[in-house]
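Worksheet: one structure, shown below.
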Amino acid sequence: MLIVADENIPLLDSFFGDMGEIRRVNGRDLSPGEVRDADILLVRSVTRVDQRLLEGSRVRFVGTTTIGTDHVDLAWLEANGIRFSAAPGCNANSVVEYVLSVLSLYAERRGLADWSDLSVGIIGVGNVGGGLAARLDRLGFTVRLCDPPRAEREGESGPEFVSLDEALACDVVTLHTPLTREGPHATHHLIGERELSRLGAGQLLINSGRGEVVDSAALKARLQAPQAPTVVLDVWEREPRIDPELVERVWLATPHIAGYSLEGKVQGTEMIYQAVSRFLGLPVRKKAGQFLPEPALSKMSFTGAADEGRALSLALRACYDPRQDDARLRLAMAGDAEARAAAFDRLRRDYPVRRECSSLKIQLKGSSRSLQDTFRAMGFKLKI
Ligand SMILES: NC(=O)c1ccc[n+]([C@@H]2O[C@H](COP(=O)([O-])OP(=O)(O)OC[C@H]3O[C@@H](n4cnc5c(N)ncnc54)[C@H](O)[C@@H]3O)[C@@H](O)[C@H]2O)c1
Ligand SMILES: O=C(O)[C@H](O)[C@H](O)COP(=O)(O)O
């Protein structure tokens, strides 16, 4: 059996080595010729999987080790009897920690003594948005949820949902919808000129969903007008050919890596390994946990003298500080369009190992119960 797989999927040999031959490919440039004789195709978000790629091939199963599925023509796969599996939720916690780290930096930029004074509007309340809402709720933030598809489906039995405009009135607006182009709740350019005109100087807009959910031409114009909001972008229209002028105008710019914790990536591979095993009728014996190495930083200790807010931001940023990714992306914006696109993909391919808060044990000596609760709410393990 031949498995054709994106070379950027971690642990291919560990999970799939005993199932067949693995052919590693560059997912961005994958051609029909490279998949023609494959039985199984494993991709990431950069490969467009459609009739053009697969017609006439032997492929019977496609797996994407990602949450998003907008790069896959699901209807064509179904119509052609090709089984498909994605990895819902695999890196949701990584994105949640990305947003929390951005929030801690933003509170500092605004000079807030207590970050939970910020109200947060979450647009798209699924695995990522829902996980973020739960975390923020435990941390004492005011959270507004906007998810019309869920509101329609769940009615009175669901949580309280607000309109898009109500969510846009929060101090922080964070986008976590999939990219969809059809239907009553299509998200393509969901945030356009009208929505951007409602955001002002005291507000922060974060997009770590998909670039095309925001109209970037309208955003660029809004960022040049008076009273512009602060903007953080992890995802961009037309990746990897992103707009260097937009990079210049946003506060933090990262190369689509919000979900790139090691845990998130390895869980993505694990979920697709499980799906392939089910497809082939094989037992599921391997687990992501057995392949996660010891983290480089495993313990942090705070004494009773530590300032509570500072202790939290130190621990959070020890795990992940988006300013490093921002600096690397800005440096990569030199050169012509081809060089910039190649650099964008290189930053993603050579991404340094990043571990989630759960990999770090926090020792709190003589600390208050409330600080312990806060660290737990963030997902850290406590050693008291
Ligand atoms: N930047 C990254 O690295 C990264 C990582 C993971 C996921 N993502 C993106 O984030 C998206 C969300 O991930 P998820 O795991 O939460 O997906 P999910 O499917 O669990 O949740 C998405 C939610 O968005 C809602 N939604 C759909 N249309 C909407 C609209 N018009 N307005 C408001 N809400 C709407 C859905 O009802 C659903 O509840 C993914 O589809 C992916 O594109 C990005
Ligand atoms: O949808 C997802 O899971 C994320 O956007 C994912 O992290 C994208 O990473 P890629 O597949 O492009 O490496």
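Structure summary
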{"item": "Close pairs (9 angstrom Cβ cut-off, 6 or more residues apart or separate chains): in the same structural domain as Leu100 (by the TED database) in the stretch 311-327, surrounded by fewer than 18 Cβ atoms within 10 Å (Cβ to Cβ) anywhere", "result": "none"}
{"item": "Of the criteria (1) within 20 Å of the chain's Cα centre (by Cα); (2) not in a loop (DSSP other than H, G, I, E, B), which one Ala217 fails", "result": "(1)"}
{"item": "Pair list, Cβ under 7 Å, 6 or more apart: the stretch 135-160 residue within 11 Å of ligand 1 (Cβ to nearest atom), other residue among the polar types (S, T, N, Q)", "result": "Cys146/Ser163"}
{"item": "Flag if Ala311 is modelled with pLDDT under 95, open to solvent by less than 40 Å² (accessible area, probe 1.4 Å) and either part of a helix (DSSP H, G or I) or within 16 Å of ligand 2 (Cβ to nearest atom) (or both)", "result": "yes"}
{"item": "Filter result for Leu179 (under 21 Å from Gly68 (Cα atoms) and open to solvent by less than 80 Å² (accessible area, probe 1.4 Å))", "result": "yes"}
{"item": "Residue among Gly89, Gly81, Gly63 that alone is under 23 Å from Ile272 (Cβ atoms), under 14 Å from the mean Cα position of the chain (by Cα) and not acidic (Asp, Glu)", "result": "Gly89"}
{"item": "Residue list for the stretch 328-364, restricted to those being without any contact (Cβ under 8 Å) to a residue 12 or more places away in the chain and open to solvent by 50 Å² or more (accessible area, probe 1.4 Å)", "result": "Leu331, Ala334, Gly335, Asp336, Glu338, Asp350, Pro352"}
{"item": "Within the stretch 31-142, helices (runs of 4 or more DSSP H) holding 3 or more residues that are in contact with a Cys (Cβ under 7 Å, 6 or more places away or on another chain)", "result": "none"}
{"item": "Residue in the stretch 198-205 that is open to solvent by less than 20 Å² (accessible area, probe 1.4 Å), assigned by the TED database to the domain that holds Pro149 and in contact with an Asp or Glu (Cβ under 6 Å, 6 or more places away or on another chain) present", "result": "no"}
{"item": "Single residue of the stretch 43-52 satisfying the filter (of a type in the set (D, E, K, R) and open to solvent by less than 80 Å² (accessible area, probe 1.4 Å)) that is farthest from Asn80 (Cα to Cα)", "result": "Arg44"}
{"item": "Residue among Leu112, Leu168, Leu118, Leu100 that is in contact with a Ser or Thr (Cβ under 9 Å, 6 or more places away or on another chain) and of a type in the set (A, V, I, L, M, F, W, C)", "result": "Leu118"}
{"item": "Residue within the stretch 298-316 that is among the β-branched types (Val, Ile, Thr) and closer than 30 Å to Trp236 by Cα present", "result": "no"}
{"item": "Hey, Asn93 within 16 Å of ligand 2 (Cβ to nearest atom) and either open to solvent by 20 Å² or more (accessible area, probe 1.4 Å) or out of contact with any Asp or Glu (no Cβ under 9 Å at 6 or more places or on another chain) (or both) or not", "result": "yes"}
{"item": "Members of the stretch 220-254 found to be among the charged types (D, E, K, R), under 16 Å from the mean Cα position of the chain (by Cα) and either within 14 Å of ligand 2 (Cβ to nearest atom) or within 12 Å of Met333 (Cβ to Cβ) (or both), listed by number", "result": "Asp234, Glu239"}
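Rundown of residues vs (1) within 30 Å of Leu252 (Cα to Cα); (2) within 16 Å of ligand 2 (Cβ to nearest atom); (3) crowded, with 19+ Cβ neighbours inside 10 Å; (4) free of Cβ contacts under 8 Å to residues at least 12 places away in the same chain, yes/no style:
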| site | (1), (2), (3), (4) |
| --- | --- |
| Asp6 | yes, yes, yes, no |
| Phe16 | no, no, yes, no |
| Pro32 | no, no, no, no |
| Leu54 | no, no, yes, no |
| Gly89 | yes, yes, no, no |
| Tyr98 | yes, yes, yes, no |
| Leu103 | yes, no, yes, no |
| Leu112 | yes, no, no, yes |
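The values are calculated or read from the model by the stated rules, or taken from the named source; none is laboratory data. The shown structure was predicted, so the numbers you read here are calculated from the model rather than taken from an experiment. FYI the Cβ positions are ideal-geometry reconstructions off the backbone, even for glycines, and counts take in every protein chain you see. Heads up: the accessible areas ignore ligands, DNA and RNA and are worked out on the full protein's heavy atoms, side chains in. Shrake-Rupley method; radii C 1.70, N 1.55, O 1.52, S 1.80 Å.
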